[in-house]
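Quick note: the coordinates plus some simple rules give every number you see, no bench work behind them. Model, not experiment: these values are computed from the prediction. Quick reminder, even Gly has a Cβ in these numbers, built from the backbone with ideal geometry, and neighbours come from all protein chains shown.
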Amino acid sequence: MREEKKIDFMIVGAHKAGTSSLFQYLLEHPQLAGHKSSEFVYFLRDDIYKNGLSKSFKLFSNPDTQYVIAKCAGQMYSQEAMKRLYEHNPEVKLIMLLRNPVDRAYSAFWFNISTGRESKNDFLEAFNTPPDSFEDPILRRECDYLGRGLYFHHLKNILKYFPMENIHIGFFDDFKSDTKSYLQDVIHFMNLEIYNEMDTSIVHNSKSGVRSKTLAKLIRPGQKKMITHLFPDNLKRSLKKHLRKINETKLNAPPLDTHLRERLIRFYLEDIISLENLLNKKLDIWKGNY
């Protein structure tokens, strides 16, 4: 890795839109180095940011590669995090992967149940709970089911720091239906050498059910009360990963209620239309019958 470490590329969102798989696939490119952790939250979290970048860069592997890529699916939702990233490297290239905001919200709900972040079993009750009602800042972010789908709103804030030509905006449906072509499009945007050897057979960070919600809550990311805080960080991560695997079960999420889907589409409609106009791209499939 270069003596003066800079992040060249960053996947900034959206949450539950395929960013974990995208990041893992891109890490196979021989010109890219990335972090070992699933998320690089340095710019997002005040408690980590205050410790300085050098400590967080210890999470990166493959030091001899040419470019550095990071991923934080919550980055795009924080104007302060985007400002910090700009101050770090104003030339960084951003990658955004967007998903139908209604589907994204419903997927996030079930994912949060599997990670112990969500205590409610009813999606309607969960999205009606104001994010500000959570004391934990992580829960305030992760359980903001509606706000995280207002892509135009968040993109406007990002454009205060970065020009559109430095942002690659793709769509979950395209990524899922033709992953190889989508990856080559991203690689072209990054101006990297053509590379077709990525293994795209594994879906990373997919949602699953849990056997015990109590255990899921105890080992959720950011939880400090569990006995694992007595262990070194590397052992703690391994133990939590093992416990999550034991606690996993097949998820049979019911289809989203039709009337609730219509209600959510109406909520997002204005933002979707604004996004269409900005990107000059029709998103009819997101708008239902509207």
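Test of understanding: among Leu155, Leu183, Leu192, which residue is in contact with a His (Cβ under 7 Å, 6 or more places away or on another chain) and closer than 30 Å to Glu28 by Cβ?
Exactly one residue qualifies, and that residue is Leu192.
Return only the number of the condition from (1) β-branched (Val, Ile, Thr); (2) surrounded by 18 or more Cβ atoms within 10 Å (Cβ to Cβ); (3) more than 24 Å from Leu155 (Cβ to Cβ) that Val68 does not satisfy.
Status for Val68: all satisfied but (3).
Among the residues of the stretch 145-168, how many are closer than 19 Å to Lys281 by Cα and not hydrophobic (A, V, I, L, M, F, W, C)?
Residues meeting the conditions: 9.
Tell me which residues, restricted to the stretch 113-151, are surrounded by fewer than 18 Cβ atoms within 10 Å (Cβ to Cβ) and of a type in the set (Phe, Trp, Tyr).
Phe134
Name the residues in the stretch 126-181 that are assigned to a helix (DSSP H, G or I), of a type in the set (Ser, Thr, Tyr) and touching a residue at least 60 places away in the same chain (Cβ under 8 Å), would you? Reasoning before the result, please.
Initial filter on the stretch 126-181 (assigned to a helix (DSSP H, G or I)): 126-127, 131-133, 137-142, 147-149, 151-158, 164-166, 172-177, 179-181.
Next, only the ones that are of a type in the set (Ser, Thr, Tyr) stay: 133, 151, 177, 179, 181.
Passing the criteria: Tyr151, Thr179.
Scan the stretch 25-37 and report the pairs whose first residue is closer than 14 Å to Gln66 by Cβ and touching a residue at least 24 places away in the same chain (Cβ under 8 Å) and whose second residue is among the hydroxyl-bearing types (Ser, Thr, Tyr) and not in a loop (DSSP other than H, G, I, E, B), with Cβ atoms within less than 9 Å and a gap of 6+ or a chain change.
Hits for this filter: His29/Tyr67; Gln31/Tyr67; Leu32/Tyr67; Ala33/Tyr67.
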